[in-house]
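Q: Once you've had a glance at the structure underneath, I'll fire off some questions.
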Amino acid sequence: AYKYDTGIPVQLTQSATSLIGNAVLRPTVNSGVSLAPTTSTYAFNPLAFSVTPAYRFGNSPRYNAHIRYPSYQNLDLFVQKQTRFWNERIGVLIRAEALNAPNGVVFGPPAANINNSTFGVKSTSQTNTPRQIQLSARFTF
């Protein structure tokens with residue numbers, strides 16, 4: 001089975017600075033500043049956002065369509081062979097499965113809390129499982 005995902009939008013947050021609303025607020029978008037990352041370690045430009053002052057609401061959208069989880073591709077394969085012998089009364093089924101066959105890495109989302117010192121930095125942690133290979137045999141009689 002083949003799966004391709006473009007990545008879901010990331011929700012940018014800010015730790016609460018007041019008792020208004022819930023414990024998570026949105027940052028403020030700085031107009032005129034590009035979202036394009038400044039270096040390869042960033043997923044987006046953190047200078048495009050600023051901390052919302054106390055007792056105010058930020059103007060950042062809940063999910064920014066331009067800031068997304070990394071896209072990924074996944075391929076799972078299986079091969080099986082069934083053989084019968086001894087007057088077709090005894091059989092064996094041999095099966096091999098490979099999950100994440102190309103062993104592609106899926107990274108986590110960028111740091112999305114503006115109060116975090118790593119805001120905007122790409123994640124280096126792997127969120128999927130590495131390649132798994134499974135062999136099985138089934139005897140029927």
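Q: Answer rounded, prolate or oblate for region 7-79, using the Cα gyration tensor with square roots of eigenvalues a ≥ b ≥ c: rounded when a/c is under 1.5, else prolate when a/b is larger than b/c, else oblate.
A: Oblate shape, in that a/c is at least 1.5 and b/c is the bigger or equal ratio.
Q: Got a number for carbon plus sulfur as a percent of region 1-131's accessible area, 1.4 Å probe?
A: Carbon-and-sulfur percentage of accessible area, whole number: 57.
Q: State the dimensionless ratio Rg/Rh of the chain (Rg: radius of gyration of Cα atoms; Rh: Kirkwood radius).
A: Working: Rg = 24.3 Å, Rh = 18.7 Å.
My calculation of the ratio gives 1.30.
Q: Pairs of alpha-carbon atoms within less than 8 angstrom and 6+ residues apart define the contacts here; what relative contact order does the chain have, in percent?
A: 27 percent.
Q: What length, rounded to one decimal in nm, is gained on full extension from ASN87 through to SER117, with 0.36 nm per residue of separation minus their alpha-carbon distance? Don't skip to the answer; put the middle values down first.
A: Values: separation 30, 0.36 × 30 = 10.80 nm, distance 7.12 nm.
Roughly 3.7 nm would be gained on extension.
The values are calculated or read from the model by the stated rules, or taken from the named source; none is laboratory data. Computed from a predicted model, the values in this text were never measured in an experiment. To get the accessible areas, we keep the full protein, side chains included, count just its heavy atoms, and leave off ligands, DNA and RNA. Shrake-Rupley method; radii C 1.70, N 1.55, O 1.52, S 1.80 Å.
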